[in-house]
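J.: My questions will all concern the structure given below.
A short reminder: the numbers here are calculations on the coordinates, not readings from a lab. If you're wondering where the values come from, they're calculated on a predicted model, not measured in any experiment. FYI the Cβ positions are ideal-geometry reconstructions off the backbone, even for glycines, and counts take in every protein chain you see.
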Amino acid sequence: MIPGGTSRLHYHFDPYPIYARSGSGCRLTDLDGEERYDCLNNMTALIHGHADPAVTAAVIGQLQRGASFSEPSEPR
């Protein structure tokens, strides 16, 4: 169990932490339905934002071909 539900305790705001439900582009929607700008973008790892359509399509396409092979596979 992770105290406060997160390993990044600087995101835990007493008495009510913000819990993300979904993200789109540079915005997050919390469990209360409030939309917020995501100024951190997962510590800058999401350069295309949340749920980018092109990235999502590429991931789904690869998952449909398979994602966990024990042998080498052709990159696509």
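J.: For residue 29, what charge total do you get from the other residues with a beta carbon under 15 Å from its beta carbon, if Lys and Arg give +1 and Asp and Glu give -1?
T.: Here the charged neighbours net out to -2.
J.: Here is a follow-up. When only Cα pairs under 8 Å and 6 or more residues apart are kept, what is the percent relative contact order across the range 13-66?
T.: That works out to 26 percent.
J.: Related question: So for the pair residue 58, residue 40, with labels modelled 7 Å out along Cα→Cβ, what separation do we get in nm?
T.: 2.5 nm
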